[in-house]
Amino acid sequence: MTTRDHERAMDLIMRRGVEEITAADSAWLESHLSACSECAHYADDFDNTGRLLRAVAVTASPRLVASTQQRLRARALEMREQQTRMVLIAISFCIGAMSSAVSAWLWWKFGGWVAQWLGLRASIVAPGILVFLLLPAVVIAGLMLAFPNSVYESRLMAGLAREREGGNQ
């Protein structure tokens with residue numbers, strides 16, 4: 001017998017009580033177990049271990065249950081905070097996109113008027129307006145990189161989560 005036969009037998013022994021194995025695999029396993037004392041001993045030990053594990057009742061201590069419940073509540077609060085944050089981000093993005101579109105249109109018109117008034121070409125003014133429109137986003141991105149963990153943000157989110165939790169009760 002090869003090592004592969006023993007590996008196949010061990011795999012089938014582990015699977016036969018948990019999932020269905022084909023009739024051909026079952027017949028092969030029985031013939032292998034009758035010829036190989038090592039695998040037969042492994043199968044007996046495996047079956048005895050399974051019976052022993054099913055015979056013992058496993059219960060959790062009250063302390064384990066309480067700590068698990070506490071962790072679940074903390075995780076639920078964290079997930080609720082994350083959901084609230086995502087809603088605020090989505091609202092902020094929509095407001096930002098709308099105000100950017102309106103302000104871009106207004107600045108474009110204003111830039112055209114300034115270009116006519118000063119007698120400048122539009123090819124000079126247009127890139128300047130574009131840079132001026134992008135400047136707030138660049139400044140905000142720089143501030144977010146400089147101060148990634150804002151104290152105010154976590155306090156705001158915790159307050160919103162408590163407010164929402166109180167509204168659900």
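FYI, it's all coordinate maths here, none of it is from the lab. None of these values were measured; they are calculated from a predicted model. Neighbour counts are summed over all protein chains in view; Cβ atoms, including those assigned to glycine, are modelled from backbone coordinates with ideal geometry.
I need the Debye-formula profile for segment 3-55: one equal scatterer per C-alpha, no solvent, reported as log10 I(q)/I(0) at q = 0.16, 0.27 1/Å, two decimals.
Scattering profile of segment 3-55, log10 relative to I(0): -0.44, -1.11.
Taking only the alpha-carbon atoms of segment 18-114, what semi-axes of the equivalent ellipsoid follow from 5 times the gyration tensor eigenvalues under a square root, in whole Å, largest first?
For segment 18-114, the semi-axes come out at 68, 27, 8 Å.
If a cysteine in the chain has no other Cys Cβ under 4.7 Å from its own Cβ, put it on the list, ordered by number.
94
Using only helices, what value at 222 nm comes out for the chain when you add -39,500 (n - 2.57) per DSSP H run of length 4 or more and divide by the total residues, to the nearest 500 deg cm²/dmol?
Calculated mean residue ellipticity at 222 nm is -30500 deg cm²/dmol.
Which of the peptides 125-131, 60-66 is most tightly packed, and how do the rest follow, judged by the mean count of other Cβ atoms within 10 Å per residue?
125-131, 60-66
Just one of (1) 24.3; (2) 17.4; (3) 16.5 is Kirkwood radius over Cα pairs in Å as worked out from the coordinates here. Which one is it?
Here Kirkwood radius over Cα pairs in Å agrees with entry (1).
With loop defined by DSSP as not H, G, I, E or B, and exposure as at most 13 other Cβ atoms within 10 Å, which is the longest segment of the chain clear of exposed GluC sites (Glu not before Pro)?
21-169
So which DSSP H runs in the chain come out at 15 Å plus along the axis (Cα) with average Kyte-Doolittle of at least 1.6?
Correct list, ordered by number: 122-146.
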